[in-house]
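Written below as structure tokens is the structure these notes are about.
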Amino acid sequence: MEILADSIKCNGCVNNIKVGLKKEEGVSNVTVDIDTGKVKFDYEGAKERKFFVKILDELGFPEKGKRNRFKIFGR
């Protein structure tokens, strides 16, 4: 599975993504490219892609082009 995510800036971000995704049973081989925002991993199970998009969003790395995680001026 592959998801393009925003806000990946450093190896700490990469580690948070790897730890967060590996908590889910069936996830393996997680790789993250800081430059492109590409999060790639293998998954064996019945959960849909949107489930993993939500996990990344909750970790602070929303799918590219979907939303801005920062609230500005109370919006």
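Computed values, structure above
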item	result
Criterion: of a type in the set (A, V, I, L, M, F, W, C) and at pLDDT below 95 - qualifying residue of 51, 61, 41, 73	73
Single residue of the stretch 33-53 satisfying the filter (closer than 20 Å to residue 65 by Cα and touching a Leu at 6+ places or on another chain (Cβ under 9 Å)) that is surrounded by the fewest Cβ atoms within 10 Å (Cβ to Cβ)	36
Within the stretch 1-57, strands (runs of 3 or more DSSP E) holding 1 or more residues that are under 13 Å from the mean Cα position of the chain (by Cα) and among the aromatic types (Phe, Trp, Tyr)	38-43
Residues of the stretch 1-27 that turn out to be in contact with a strand residue (DSSP E or B) (Cβ under 6 Å, 6 or more places away or on another chain), within 20 Å of residue 66 (Cα to Cα) and loosely packed, with under 13 Cβ neighbours inside 10 Å, as a count	1
Residues of the stretch 58-69 satisfying the condition of being of a type in the set (Gly, Ala, Ser) and either assigned to a helix (DSSP H, G or I) or more than 18 Å from residue 10 (Cα to Cα) (or both)	65
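The values are calculated or read from the model by the stated rules, or taken from the named source; none is laboratory data. As the structure is a computational prediction, the values presented were derived from the model and not from experiment. Note: ideal-geometry Cβ built from the backbone for every residue, glycine included; neighbour counts use all protein chains shown.
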